[in-house]
1. From the cross-link list LYS173/LYS204; LYS202/LYS303; LYS114/LYS303; LYS202/LYS312, which pairs have alpha carbons spaced over 18 Å apart?
2. Regarding the range 225-336, what's the average projected area of the Cα-atom convex hull, expressed in nm²?
3. Could you give the DSSP H helices of the chain that reach 15 angstrom or more along their long axis (alpha carbon positions) and whose average Kyte-Doolittle hydropathy is no lower than -0.5?
4. When the Kirkwood radius is taken over all Cα pairs of the range 132-174, what Stokes-Einstein diffusion coefficient follows at 10 °C and 1.306 mPa s, in µm²/s?
5. Where Rh is the Kirkwood radius over the Cα pairs of the range 79-226, the temperature 10 °C and the viscosity 1.306 mPa s, what D in µm²/s does Stokes-Einstein return?
6. Test of the criteria: in the range 114-167, which GluC sites (Glu not before Pro) are in a DSSP loop and have at most 11 other Cβ atoms within 10 angstrom of their Cβ?
7. Kindly write out, for the range 24-37 in residue order, the coupling ³J(HN,Hα) from the Karplus curve 6.51 cos²θ - 1.76 cosθ + 1.60 (θ = phi - 60°), rounded to whole Hz, with x marking Gly and Pro.
8. Where does the longest stretch of the chain lie that holds no trypsin sites (Lys or Arg not before Pro) found in a DSSP loop with 11 or fewer other Cβ atoms within 10 Å?
Amino acid sequence: MQSTNFTFDTEAVLTAGDGAVGEVFHHVNGKFHAHQRVYVLSNFRGVVPRYFFYHFSSFFRLMAQDGSARTTVDSVRRWMLTDMPIPLPPLDEQRAIADYLDRETAQIDALVAKQEELLTYLAERKRSVLDHVLADVDGETRRLRWLYRPSSEANKPDEEVLSVYREHGVISKSSRTDNFNKTPENVDRYLLVRPDDLVVNKMKAWQGSLGISAHRGIVSGDYEVLRPTTSDLDPEYAHFRLRSPEMVLEYRLRSRGVRPAQWRLYWQDLGDVEVIVPPFAEQRTAAVRIKSETSQIDTLIAKAEEHIALAKERRSALIAAAVTGQFDVRTARKAG
């Protein structure tokens, strides 16, 4: 969203004050607004702003660790900014580093963007398979509350921490390279998930963030854990049916909140969603067919995600090496 007003007219580096601490950074120059929980670092003295941006965005997460078991803290403390050491080579060297990183990271970012476009296309293809196969499946209609019941079974602290993703369903947090908070500090209120449980991210169900778990583990109390009450529902069929575009539209319509960022899908509303439940044999046939038709797509998705993860690791390592003087960027530029 754009505005004709502004609160700043300067060159600055911005970072989140809470929420995505140590993950979000922007380098801006000109007129802009900034939320009250965004830190605006400006009035640079003895440092090239672009060089500062690269060093700060590369190493600030280490300051934000705060010695806790979590990867980052929930909000930035002032000392994390004021006490962060930043090496300052001569200004001409800072400019050379910034110019080199601008050029090299732009190439990496372009490659990542292409892979992300591919992921979007593949996700659409996968959803179209679900639509196509499930359209041929008919049966009796049941409300979700007749098939599942909410579970409040206590967590086991040594269990694997699980999460739910729009494109994957229920997976372990540790398996995601883009998840910085893999080992939460406080799991006292986490819920136990058993295989075949339906796990729902109440905040993002309207985007399709739910699924049948194939794993045992624990999830945040902000999730809904639903345990099956019947044995005539095939878990794989349920997974595909409940994540189909048609069902996701239902979740969107039943979510509550003043705007999408605040929408929640609560059990009293989710339980009224109607699900088509064909005979068990037809459920298995549909599930097998979907798996067969999406297996190649899943392979391509995994490869694209791997390429993105490797590119981002390469980008981070390149920035860290350049700003800490591990190689001479002027020599690297000539060699390239």
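1. LYS202/LYS303; LYS202/LYS312
2. Projected over every direction and averaged, the Cα hull of the range 225-336 covers 12.7 nm².
3. Going by DSSP H runs, the hits are 49-64, 91-134, 280-323.
4. 112
5. Taking Rh from Cα pairs, D becomes 82 µm²/s.
6. none
7. 10, 9, 9, 10, 10, 8, x, 8, 7, 9, 9, 4, 4, 9
8. Longest stretch, sites excluded: 190-336.
The values are calculated or read from the model by the stated rules, or taken from the named source; none is laboratory data. Just so you know, these numbers come straight off a predicted model, no measurement behind them. Cβ atoms come from the backbone with ideal geometry, glycine included; neighbour counts cover every protein chain shown. Ligands, DNA and RNA are excluded from the accessible area calculation, which covers all protein heavy atoms including side chains. Shrake-Rupley method; radii C 1.70, N 1.55, O 1.52, S 1.80 Å.
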